[in-house]
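Here's the structure, in structure tokens; my notes come after.
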Amino acid sequence: MIAVENLKVEFGVKPLFANASFVVNDRDRIALVGKNGAGKSTLLKILCGKQHPTAGVVAIPNDTTIGYLPQVMKLTDETTVRDEARKAFADTTKQKIRLEKMEREMSERTDYESESYLSLVETFTREHERFLIMGGENYEAELERTLTGLGFMHDDLDRPTKEFSGGWRMRIELAKILLQQPDVLLLDEPTNHLDIESIQWLEQFLVQRAKAVVLVSHDRAFINQVTHRTLEISCGQIIDYKVKYDEYVKLRAERREQQLRAYENQQKEMADMREFINRFRYQATKAVQVQQKIKQLEKIIPIEIDEVDRATMHLKFPPCLRSGDYPVICDEVGKAYGDHTVFSRVNLIIKRGEKVAFVGKNGEGKSTLVRCIMNEIPFDGKLKVGHNVQIGYFAQNQAQLLDENLTVFQTIDNVAKGDVRLRINDILGAFMFGGEASEKKVKVLSGGERSRLAMIKLLLEPVNLLILDEPTNHLDMASKDVLKEAILAFDGTAIIVSHDREFLDGLVTKVYEFGNGHVKEHLGGIYDWLSSSLQSTQQEGKLGALAGQKTSIIAEAAHSQPSASASYLERKEQQKRMKKAEKAVKECEAKIAQLEQRIKEMDDLLCQPDHAADMELITEYTSTRKVLDEENDRWILLSERLEELQH
């Protein structure tokens, strides 16, 4: 679908990458990885035609459509959410207008036998079929499914877009791109503004319904779920790994070891040559050999090795006073803005040393409760912060409190104490402020860079209660690993608001779920909560459906029970009902047998290597299992009804 050959991009003297060649095929799921500044976003812009390379070719067939989601884009505020999303169907809408025009013309004309009329009918039939294939009849339903999947409530769809934050408007843009169903999706950090439920919905959509996908993301769990191929930009090259991200990490470590060995051997060889040249430079008898060594040395192309993996670096919070046994106690805490209740009757106790997560959809009150704990806003009920508690708070606006006239290095040097001061450059490097970046003034930093700097500053301050609101949004995977290890080794208490499952996994032991104005406590890690949440949703849906079916069947059966003085006609009617019930049971049993046979066939196919990763087959298998479960439930209810009629 997209063929890239000998691509070269340079800004200044050294190119970002050169001689890059790869192909994006249909159904590819590609993760684009590399350190910050390696050129990932630049490559996406080149693939979609927004930027031109210095050299090389990007070949895209004329009929191939591309959908591109950048990290930052200009957003419009002139329509409702629904109308803005409808723009994705501009071609469908135009086609519908054309079809309606042709339909009117056919109804008004009477020259049914003419060549032009027959041509019109043929064109209408062809265009109408194409319209149906494009989903022209049900695009409104698809629009609502996509927007609700990305976290919008049904009532939100007719609200003006200007009432929503930038993060929510980015979701609308993502919905528009997904609704267009392009041949290739290019997504740059698509999960930055999504909550856990929306991320899971997007994962399922990309795996099951997207054609080809190339994405940049620092969410390890997300790219592991979605992708099966990894393109790495490193040392000015693009290396293609035909494996998922976790497997790529192992292969990359092996490759780096090989690079190091080759680099060390080359350095030894070059040192030997220099030693020979210096030793015999002025000896006439060795002049020829010296010149040969000089030429050989000039021809050697130095081996580059990947930047040292900073994830192995360790950071530890400085010692602090021991806090009381219960750093945070909420007793019937509530918060409302006018008629809108954010949450009410929140009761929670966080013990010293606990690491807890606040999760839930955006807008459900996670950050609001954090601000209540910080005593930044008024609230109802009682909220007690324990004895000797010293809070370290990281929020999005925290980055705005930095002194703009200081450099990056000075900002950290001012808070570093003891031996840590000797490692400031290493710490800055771990958070992507290596080299000259440490001498930048704070006032020239981007929003993401300021957030990272504020995070480093917090890591070096003596606190015993950490409150982190979306701490990983602007961190790459190596930086997240450094932060996670520091929190794990932290002796104090931590409250973490995050949608990053991989970051929270193994870090928190308790989850507080925010939703529908309430806060529920769940013991266990993030995946324990996700598992119980999924089971609860499935069980509620199943029980609701069963209850509805059973109520209607029992009600029907109750009306059909004959009385003691039933007439002949009533008894005949009862026999008819019994025969109908028996027939329904047999039909249900036949359908169950067909479904079981199909599942057996698919089981055999999935055991074959050629079909092991066939997503269409896997999807059919999953849906068939679901239908079989529903039919088994239906058979139980129909059998109960037949039993009641027989007695």
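Quick notes on this structure:
- Qualifying residues in the range 261-280 (those that are under 51 Å from the mean Cα position of the chain (by Cα) and surrounded by 14 or more Cβ atoms within 10 Å (Cβ to Cβ)) - the one nearest to residue 293 (Cα to Cα): 270
- Among the residues making up the range 426-473, those that are under 13 Å from residue 315 (Cα atoms) and either among the aromatic types (Phe, Trp, Tyr) or outside any loop (DSSP other than H, G, I, E, B) (or both) are 426, 427, 428, 429, 430, 431, 455, 456, 457, 458, 459.
- Residue 80 open to solvent by less than 40 Å² (accessible area, probe 1.4 Å) and in contact (Cβ under 8 Å) with a residue 12 or more places away in the chain: yes
- Filter pass, residue 533 being assigned to a helix (DSSP H, G or I), at pLDDT below 80, open to solvent by less than 90 Å² (accessible area, probe 1.4 Å) and closer than 30 Å to residue 369 by Cβ: yes
- Residue in the range 580-594 that is within 30 Å of residue 28 (Cβ to Cβ) and at pLDDT 75 or above present: no
- Checking each residue of the range 356-372 against the condition of being surrounded by fewer than 16 Cβ atoms within 10 Å (Cβ to Cβ) and either farther than 21 Å from residue 492 by Cα or without any contact (Cβ under 8 Å) to a residue 24 or more places away in the chain (or both) gives no match.
- Taken together, 58, 23 contain a single residue that is exposed (fewer than 13 other Cβ atoms within 10 Å of the Cβ), in contact with a strand residue (DSSP E or B) (Cβ under 7 Å, 6 or more places away or on another chain) and either within 21 Å of residue 223 (Cβ to Cβ) or free of Cβ contacts under 8 Å to residues at least 60 places away in the same chain (or both), which is 23.
- Odd one out for residue 69, checked against (1) over 19 Å from residue 234 (Cβ atoms); (2) in contact with a helix residue (DSSP H, G or I) (Cβ under 7 Å, 6 or more places away or on another chain); (3) at pLDDT below 90: (3)
Rundown of residues vs (1) within 30 Å of the chain's Cα centre (by Cα); (2) within 20 Å of residue 487 (Cβ to Cβ); (3) modelled with pLDDT under 95, yes/no style:
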| residue | (1), (2), (3) |
| --- | --- |
| 355 | yes, yes, no |
| 358 | yes, yes, no |
| 363 | yes, no, yes |
| 366 | yes, yes, yes |
| 391 | no, yes, yes |
| 394 | yes, yes, yes |
| 399 | yes, yes, yes |
| 407 | no, no, yes |
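- Counting residues in the range 116-134 that are part of a loop (DSSP other than H, G, I, E, B) and modelled with pLDDT under 80 gives one or more.
- Residues in the range 467-503 that are among the aliphatic types (A, V, I, L, M), in contact with a Phe, Trp or Tyr (Cβ under 7 Å, 6 or more places away or on another chain) and farther than 23 Å from residue 194 by Cα: 486 only.
- Yes/no for residue 403 being assigned to a loop (DSSP other than H, G, I, E, B), out of contact with any Lys or Arg (no Cβ under 8 Å at 6 or more places or on another chain) and open to solvent by 40 Å² or more (accessible area, probe 1.4 Å): yes
- If you go through the range 456-483 and keep only what is open to solvent by 20 Å² or more (accessible area, probe 1.4 Å) and either more than 19 Å from the chain's Cα centre (by Cα) or under 15 Å from residue 353 (Cα atoms) (or both), you end up with 457, 461, 462.
Yes/no per residue for (1) farther than 15 Å from residue 27 by Cα; (2) modelled with pLDDT under 95:
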| site | (1), (2) |
| --- | --- |
| 185 | no, no |
| 190 | yes, yes |
| 195 | yes, yes |
| 198 | yes, yes |
| 208 | no, yes |
| 218 | yes, yes |
| 224 | yes, yes |
| 233 | yes, yes |
| 245 | yes, yes |
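- For the range 135-164, the set of residues classified as in a loop (DSSP other than H, G, I, E, B) and open to solvent by less than 60 Å² (accessible area, probe 1.4 Å) consists of 135, 136, 150, 151, 152, 164, listed by residue number.
- Some residue of the range 426-448 being in contact with a Leu (Cβ under 8 Å, 6 or more places away or on another chain), aliphatic (A, V, I, L, M), modelled with pLDDT of 85 or more and closer than 30 Å to residue 327 by Cβ: no
- The lone exception for residue 410 - which of (1) of a type outside the set (Gly, Ala, Ser); (2) free of Cβ contacts under 8 Å to residues at least 60 places away in the same chain; (3) not in a helix (DSSP H, G or I) it fails: (3)
- Evaluating residue 420 against the criteria (1) surrounded by 16 or more Cβ atoms within 10 Å (Cβ to Cβ); (2) more than 33 Å from the chain's Cα centre (by Cα); (3) in a loop (DSSP other than H, G, I, E, B); (4) in contact (Cβ under 8 Å) with a residue 60 or more places away in the chain leaves one unmet condition, (3).
The values are calculated or read from the model by the stated rules, or taken from the named source; none is laboratory data. Quantities reported herein were computed from a predicted structural model and do not represent experimental measurements. With ideal geometry, Cβ positions are generated from the backbone for all residues, glycine too; neighbour counts draw on all protein chains shown. Please note that ligands, DNA and RNA were not included when accessible areas were found on the heavy atoms of the full protein model with its side chains. Shrake-Rupley method; radii C 1.70, N 1.55, O 1.52, S 1.80 Å.
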